[in-house]
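A short write-up of the structure that comes next.
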Amino acid sequence: MNHEIVVEAMLDLKDVEELNLFFTRSSRLMLAVIFFLIVIGIVLLIDGSRTGMEFMIAVLSDLLLSVILWFVYGWSIRRKSVKAFFSDQLLRQRHTFVFSEMGFQYASDSESGKVRWSEIYEVRESRNLYLILLSTSRTLIVPKDDFATERDRTRFRGIVESNVKASRFHWRRER
């Protein structure tokens, strides 16, 4: 039986911020780790004859700076998200998604499309969003709260699991 799930979605700034923070998480972590390792490397190269206490102070200071860098980078991403959200009129339009076993349709005032599940690059889940990647550079954002019921969310996940290769969908681990 081919049941359809209809979702009316209106993106908020918080959705765009979450999207951007989700996709930059790895690069933010890598930057903080590389910064940490470089500073520790410099500390060891400059003066290898530090006492254990001096070395621990250097490590803790470096760790603190790396954490600060993580948050500053996140803050920068949030600021860029604000600019992107308010400059992109298409992003702020109401979008309608109709999901079925065959694929899905999406429409807004400016565009519409029909996509088969076999054409999906990837489906990901963040804390509050389902992210449907049409390619590495194009993502459709479906806020979880815009599903009519929890049952519709569960059915959506089931449709994806039935029609998208297992390596192409990634659900969030519950914490």
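When you go through PHE71, PHE85 one by one, which is the residue that is loosely packed, with under 15 Cβ neighbours inside 10 Å, within 17 Å of the chain's Cα centre (by Cα) and modelled with pLDDT under 95?
On the way: PHE85 fails: loosely packed, with under 15 Cβ neighbours inside 10 Å.
None of the other options fit; the residue is PHE71.
Kindly establish whether ARG138 is within 19 Å of the chain's Cα centre (by Cα) and exposed (fewer than 10 other Cβ atoms within 10 Å of the Cβ).
Details: within 19 Å of the chain's Cα centre (by Cα): yes; exposed (fewer than 10 other Cβ atoms within 10 Å of the Cβ): yes.
It is true that ARG138 is within 19 Å of the chain's Cα centre (by Cα) and exposed (fewer than 10 other Cβ atoms within 10 Å of the Cβ).
Tell me which residues, restricted to the stretch 157-167, are surrounded by fewer than 16 Cβ atoms within 10 Å (Cβ to Cβ) and assigned to a helix (DSSP H, G or I).
Going through the stretch 157-167, the residues surrounded by fewer than 16 Cβ atoms within 10 Å (Cβ to Cβ) turn out to be 157-158, 161-162, 165-167.
Correct list: ARG157, GLY158, GLU161, SER162, ALA166, SER167.
Let's see how each residue does on (1) closer than 13 Å to VAL16 by Cα; (2) of a type in the set (D, E, K, R); (3) touching a strand residue (DSSP E or B) at 6+ places or on another chain (Cβ under 9 Å); (4) surrounded by 11 or more Cβ atoms within 10 Å (Cβ to Cβ):
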| site | (1), (2), (3), (4) |
| --- | --- |
| SER100 | no, no, yes, yes |
| PHE104 | no, no, yes, yes |
| SER110 | no, no, no, no |
| VAL115 | no, no, yes, yes |
| TYR121 | no, no, yes, yes |
| SER126 | yes, no, no, yes |
| ILE132 | no, no, yes, yes |
| VAL142 | yes, no, yes, yes |
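For the stretch 30-42, indicate whether the set of residues that are surrounded by 14 or more Cβ atoms within 10 Å (Cβ to Cβ), closer than 24 Å to SER126 by Cβ and of a type outside the set (Asp, Glu) is non-empty.
Within the stretch 30-42, the subset surrounded by 14 or more Cβ atoms within 10 Å (Cβ to Cβ) is 31-32, 35-36, 39-40.
Still in the running and closer than 24 Å to SER126 by Cβ: 31-32.
Next cut, of a type outside the set (Asp, Glu) only: 31-32.
Yes, the stretch 30-42 has at least one match.
Which of the residues that make up the stretch 104-130 are in a strand (DSSP E or B), free of Cβ contacts under 8 Å to residues at least 60 places away in the same chain and within 22 Å of TRP171 (Cβ to Cβ)?
Filtering the stretch 104-130 for residues in a strand (DSSP E or B) gives 104-107, 112-116, 122-125, 129-130.
Then drop every residue that is not free of Cβ contacts under 8 Å to residues at least 60 places away in the same chain, which leaves 104-107, 112-116, 122-123, 125, 130.
Scanning the stretch 104-130 gives PHE104, TYR106, VAL115, ARG116, GLU122, VAL123, GLU125, TYR130.
Read through the list (1) under 14 Å from the mean Cα position of the chain (by Cα); (2) open to solvent by 50 Å² or more (accessible area, probe 1.4 Å), then give the number of the only condition that THR154 fails.
The failed condition is (1).
The values are calculated or read from the model by the stated rules, or taken from the named source; none is laboratory data. Since the model is a prediction, treat every value here as computed from it, not as a measurement. Neighbour counts run over all protein chains shown; Cβ positions are idealised from the backbone, glycine included. Remember, those area values only see protein heavy atoms, side chains included, never the ligands or the DNA or RNA. Shrake-Rupley method; radii C 1.70, N 1.55, O 1.52, S 1.80 Å.
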